[in-house]
1. How many residues does region 41-53 hold that are without any contact (Cβ under 8 Å) to a residue 12 or more places away in the chain and not basic (Lys, Arg)?
2. Please find, within region 12-67, the residue that is surrounded by the most Cβ atoms within 10 Å (Cβ to Cβ) out of those that are assigned to a helix (DSSP H, G or I), touching a Leu at 6+ places or on another chain (Cβ under 9 Å) and of a type in the set (D, E, K, R).
Amino acid sequence: MPKLKTKSGVKKRFRLTASGKLKAGVAGKRHRLISHNAKYIRQNRGTKVMSASDAKIIKLWIPYGLA
């Protein structure tokens, strides 16, 4: 049986938590930050846990989990 490939973009962008949830960097933090207020920039620092509906789709692309 052939093995399934992990989507290479998912390997770079997501990590699994110990409980199996997906975490990712927050969007909207690369450029044009002058148009965002300080609260927006501060609250989107670090990573966030993905919503259940998004995580369900992303987990299809990592058939064996992320090592």
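Nothing in this text is a laboratory measurement; each read-out follows from the coordinates by a stated rule. Just so it is clear, the structure is predicted and the values come from calculations on it, not from any experiment. We place every Cβ from the backbone using ideal geometry, glycine too, and count neighbours over all the protein chains shown.
1. Quick first cut of region 41-53, residues without any contact (Cβ under 8 Å) to a residue 12 or more places away in the chain only: 42-43, 51-53.
Still in the list and also not basic (Lys, Arg): 43, 51-53.
Total meeting the criteria: 4.
2. LYS59
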